[in-house]
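Working notes, beginning with the structure itself.
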Amino acid sequence: MAAENIAVTRETFDNVILPVYAPAQFVPVKGKGSRVWDQQGKEYIDFSGGIAVTALGHCHPALVETLKRQGETLWHTSNVFTNEPALRLASKLIAATFADRVFFGNSGAEANEAAFKLARYYACKKHSPFKSKIIAFHNAFHGRTLFTVSVGGQPKYSDGFGPKPADIVHVPFNDLAAVKAVIDDHTCAIVVEPIQGEGGVMPATPEFMQGLRALCDKHDALLVLDEVQSGMGRSGKLFSYEHYGVQPDILTTAKALGGGFPVSAMLTTHEIASVMAPGVHGTTYGGNPLACAIAETALDIINTPAVLAGVEARRQQFTDALTALDRELGLFSEIRGKGLLIGAVLKAEHASKARDILNAAAAEGVMILTAGSDVIRFVPSLVIAPEEIDAGMTRFAAALRKVLAA
Ligand SMILES: *Cc1c(COP(=O)(O)O)cnc(C)c1O
């Protein structure tokens, strides 16, 4: 018997879902490319990309094709058996990066959990069980498991859940002197987002990234890059570490990896991977054939000169439009980020308006995001059409004028 359809609306959310989200007042029901439609048939231009996930837009024909083909072939086997899509995806990720070994998970938090456990385990096996200090950064975001939220640098997300994993130190982002002051030979890892996403769209400086690499080398610590948001073409390179001339020891990717299908990966070197053995870590769904087949198709499309080179041109179109808007309205103190991870920072006197701007934008028919309390964030599809950027920006401009007039 087919599932029975019951009528649901935005009000249903308040009665059936754990209240950890405050979703918009409309319910999207359909998407195509960078356009989305809600229950009432109203159209939106999507500059939010499912939070940097739908990097090829909604229902990309090649992803749909793979979903259907693999969906009729093999979905899941568990890691008691390996599978062809996982082996192909891992091989392609290795060919495209610094890495020689891959671990698959289902979310960014899971990839980071694996990364932090691996960094601790490697130090324990190679050096000493006392080499467990993790250095991380204020405003960092690494996921919502207890370990990842504790390494994250936002106490509002980690307080209230009892004792946190110990030996995690937070210092200011882009402040090399602060890292130098706390790093020592008991440090197993520095964990950093090359471009902080949730924390306000803040890129690391080249000196900072290169300095972190040197400090890790000096103290036998691992450099762990969280590229869950900044990776998979978002910055205009496949992974944003390529902008900095540094190689990580461990890198995590998720969000855009599956173009909207849940899948994540942790990449590392042969040397670091060699401390692991069967049973030390694992997950039931991780690396399932359905997720990996879709991610393989997404990677094949994103990791091409055409898509990667297109990111910079689209960024330029966004920043030109935002700069022009700012000349008229005087709202922003800075436009920052890299590639199609764009933050428009509200001036102090407008900082409280981020949420109003988000709601007004939705009313005008454009989906945007915030990051932190005072940054408007744009993370559209990497292949959004220039006309769609124009149309979305016109709607965004109308929203800003309404908020300022209110
Ligand atoms: C979104 C995000 C995560 C968490 O990913 P989930 O899939 O929500 O678990 C971790 N790190 C960064 C940098 C992110 O942007």
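The values are calculated or read from the model by the stated rules, or taken from the named source; none is laboratory data. All values derive from a computational prediction rather than experimental measurement. Cβ placement follows ideal geometry from the backbone for every residue including glycine, while neighbour counts extend to all protein chains displayed.
Remarks
- The set of residues from the range 248-282 being within 13 Å of the ligand (Cβ to nearest atom) and surrounded by fewer than 24 Cβ atoms within 10 Å (Cβ to Cβ) comprises Gly260, Phe261, Pro262.
- Filtered residue count, the range 32-49, keeping only those that are out of contact with any Lys or Arg (no Cβ under 8 Å at 6 or more places or on another chain) and among the acidic types (Asp, Glu): 1
For every residue, the table says whether it meets (1) surrounded by 19 or more Cβ atoms within 10 Å (Cβ to Cβ); (2) within 12 Å of the ligand (Cβ to nearest atom); (3) in the same structural domain as Leu346 (by TED's automatic domain parsing); (4) at negative phi.
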site: Asp184; (1), (2), (3), (4): no, no, no, yes
site: Val192; (1), (2), (3), (4): yes, yes, no, yes
site: Ala204; (1), (2), (3), (4): yes, no, no, yes
site: Leu212; (1), (2), (3), (4): yes, no, no, yes
site: Leu215; (1), (2), (3), (4): no, no, no, yes
site: Leu222; (1), (2), (3), (4): yes, no, no, yes
site: Met232; (1), (2), (3), (4): yes, yes, no, no
site: Tyr241; (1), (2), (3), (4): yes, no, no, yes
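- In the range 112-127, the residues that are of a type in the set (Lys, Arg) form Cβ pairs under 9 Å with partners that are surrounded by 24 or more Cβ atoms within 10 Å (Cβ to Cβ), at six or more places apart or across chains, as follows: Arg120/Ile134; Arg120/Cys188; Arg120/Ala189.
- Hits in the range 24-43 (condition: loosely packed, with under 13 Cβ neighbours inside 10 Å and of a type in the set (Val, Ile, Thr)): Val29
- Of the numbered criteria (1) surrounded by fewer than 20 Cβ atoms within 10 Å (Cβ to Cβ); (2) more than 19 Å from the chain's Cα centre (by Cα); (3) in contact (Cβ under 8 Å) with a residue 24 or more places away in the chain, the one Ala306 fails is (3).
- Lys133 meets all of the listed conditions (1) surrounded by fewer than 22 Cβ atoms within 10 Å (Cβ to Cβ); (2) charged (D, E, K, R); (3) in contact with a Cys (Cβ under 8 Å, 6 or more places away or on another chain) but one, namely (1).
- Of Phe147, Phe161, all but one fail to be within 15 Å of the ligand (Cβ to nearest atom), aromatic (Phe, Trp, Tyr) and not assigned by TED's automatic domain parsing to the domain that holds Ile51; the exception is Phe147.
- Residue check for Ala309: outside the structural domain of Gly152 (by TED's automatic domain parsing), of a type in the set (A, V, I, L, M), away from the ligand (no atom under 16 Å from the Cβ) and modelled with pLDDT of 95 or more: yes
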